[in-house]
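See below for the structure under consideration.
Each reported figure results from applying straightforward, stated rules to the coordinates on display, with no laboratory input. Computed from a prediction, not measured in an experiment: that's the story for all the values here. Every residue, glycine among them, receives a Cβ derived from its backbone with ideal geometry; neighbour counts consider all protein chains shown.
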Amino acid sequence: MSLTIGDTAPDFQLNDTEGGTWSATGSSATVLVFTCNHCPYALAWHDRIAEVARDYAERGVRVLAINANDAERYPRDSFEAMKDRVGREDWPMPYLHDATQEVARAYDAKVTPDVFVLDGERRLRYRGAPDSDYDDPRAGAVWLREALDAVLRGEEPARAETKPVGCSIKWKS
Amino acid sequence: MVREAISELGLPEIEVHTHEIVTEDDARDAGFIGSPTILIDGADLVPAAAEEQIGLSCRVYRRRDGRISPTPDPDDLREALERAARAEVNR
């Protein structure tokens, strides 16, 4: 069953590449980004999402990147490859591994990237794409930023849902 | 994207054939490294890097300005089509 705006989102416990364990609770707002290493859409939007993580950290927003892709068929999305990537790049957010794909299924995530914004009570406030154009860095993840600004003001985002755009999540067969 | 470039360049003599890769077996048989792959006279518009893996996936392209993209740089495509058209004339 897919989540709708206003629903309480499922909690989870996932490990990141540095040995930390994360859940969907404990922040004034939490951004979940289902992403991966090999999808051009996820890569094109990555820097914009990382900027959001940096810009909103002081306001108590936690951004969690989650890779749920089947690493058997897509070795570039393996946990080892995730660790390599975080080691090579400057990541301002933890990179979580959803090895069983249970979290991606619970959120009904479709593509990479697929963005979910939860408020402090874990209610879904935004779901969709970071902004309107993966091809234009100037778009600046503005839809995600607008949603976070609204949540931090205690308001409903004016644009609560957009169509996520990207590569399909690689489900295990 | 390819048809658009052909139209812009006024090269109606260039034919476009599309081939859908549906299964992992299809990918293996075709040596397919991801979608979209554009072959011009049999040659990949952007030759695959050594680490590319065969399979059903999206391809990662890099535009001339360094941006990562799911599609090749339009200028790379236009130039390759023009080269192909010139080669055809010289045959």
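Counting only helical runs of four or more DSSP H residues, what would the 222 nm mean residue ellipticity of chain A come to if each run contributes -39,500 (n - 2.57) and the total is spread over all its residues? Provide the component values of the computation, followed by the final result.
On the way: 4 runs with 44 residues, N = 173.
One gets -7500 deg cm²/dmol as the mean residue ellipticity at 222 nm.
Taking C-beta distances below 4.7 angstrom as the pairing criterion, name the unpartnered cysteines of chain A, in sequence order.
Among the cysteines of chain A, those whose Cβ sits 4.7 Å or more from every other are A:CYS36.
Rg(Cα) of region B:2-82 divided by 2.2 N^0.38 Å? Display every interim value, and only then the final one.
Details: Rg = 13.2 Å, N = 81, 2.2 N^0.38 = 11.7 Å.
Region B:2-82 yields a ratio of 1.13.
Testing the spin-label approximation: label points 7 Å from Cα along Cα→Cβ at A:ARG138 and A:ARG159. State their distance in nm.
Placing both labels 7 Å beyond Cα along the Cβ direction yields 1.6 nm.
If I take every Cα pair under 8 Å that is 6 or more residues apart in chain A, average their sequence separation and divide by the length, what percent do I get for the relative contact order? Let's see the in-between values first.
On the way: 361 pairs, mean separation 52.7, N = 173.
Result for chain A is 30 percent.
How far apart, in nm, are two points set 7 Å out from the Cα along the Cα-to-Cβ line at B:MET1 and at B:VAL22?
The two pseudo-label positions are separated by 2.4 nm.
Using alpha carbons only, how many degrees (0 to 90, rounded to 10) separate the axis of helix B:74-90 from the longest principal axis of chain B?
With rounding to tens, the tilt is 60 degrees.
Gain in length, B:ASP76 to B:LEU39, computed as 0.36 nm per residue apart minus the alpha-carbon separation, to one decimal in nm?
Going from the current span to full extension adds 12.1 nm.
Semi-axes of region B:1-48's equivalent ellipsoid from the Cα gyration tensor, sqrt of 5 times each eigenvalue, largest first, rounded to whole Å?
On the way: eigenvalues 114, 24, 16 Å².
Ellipsoid half-lengths, sorted descending, are 24, 11, 9 Å.
Could you tell me the distance between the Cα centroids of region A:1-77 and region B:1-69, to the nearest Å?
Taking the Cα centre of each part, region A:1-77 and region B:1-69 sit 30 Å apart.
Given +1 on the Cβ of Lys and Arg, -1 on the Cβ of Asp and Glu, and no further charges, what dipole in debye does chain B carry about its Cα centre, rounded to the nearest 20? All intermediate terms of the calculation are to be shown ahead of the outcome.
Details: 11 positive and 20 negative charges, 65 e Å.
Dipole size: approximately 320 debye.
Could you work out the pair-distance distribution P(r) of the protein assembly as shown from its alpha-carbon pairs, with 5 angstrom bin width and percents rounded to whole numbers?
1, 6, 12, 16, 17, 15, 11, 8, 6, 4, 2, 1, 0, 0
Once R0 is set to 45 Å, what does the formula 1/(1 + (r/R0)^6) return for the Cβ-Cβ distance between B:GLU88 and A:ASP11, expressed as a FRET efficiency to the nearest 0.05? Write out the running numbers ahead of the final one.
Values: r = 61 Å, r/R0 = 1.36.
Given R0 = 45 Å and the Cβ-Cβ separation, E is 0.15.
One quarter of the convex hull surface, Cα atoms only: what value does that give for region A:18-105 in nm²?
Details: hull surface 23.2 nm².
Reported value for the Cα convex hull: 5.8 nm².
Show me the GluC sites (Glu not before Pro) within region A:76-127 that DSSP assigns to loop and that have at most 14 other Cβ atoms within 10 Å of their Cβ. Could you put the intermediate results ahead of the total?
Values: sites: A:GLU80, A:GLU89, A:GLU102, A:GLU121; in loops: A:GLU89, A:GLU121.
When the GluC sites (Glu not before Pro) of region A:76-127 are filtered for loop state and at most 14 Cβ neighbours within 10 Å, A:GLU89, A:GLU121 remain.
Nothing charged except the Cβ atoms of Lys and Arg (+1) and of Asp and Glu (-1): what's the magnitude of the dipole of region A:14-168 about its Cα centre? Round to the nearest 20 debye.
Values: 20 positive and 28 negative charges, 39 e Å.
Result for region A:14-168 is approximately 180 debye, rounded to the nearest 20.
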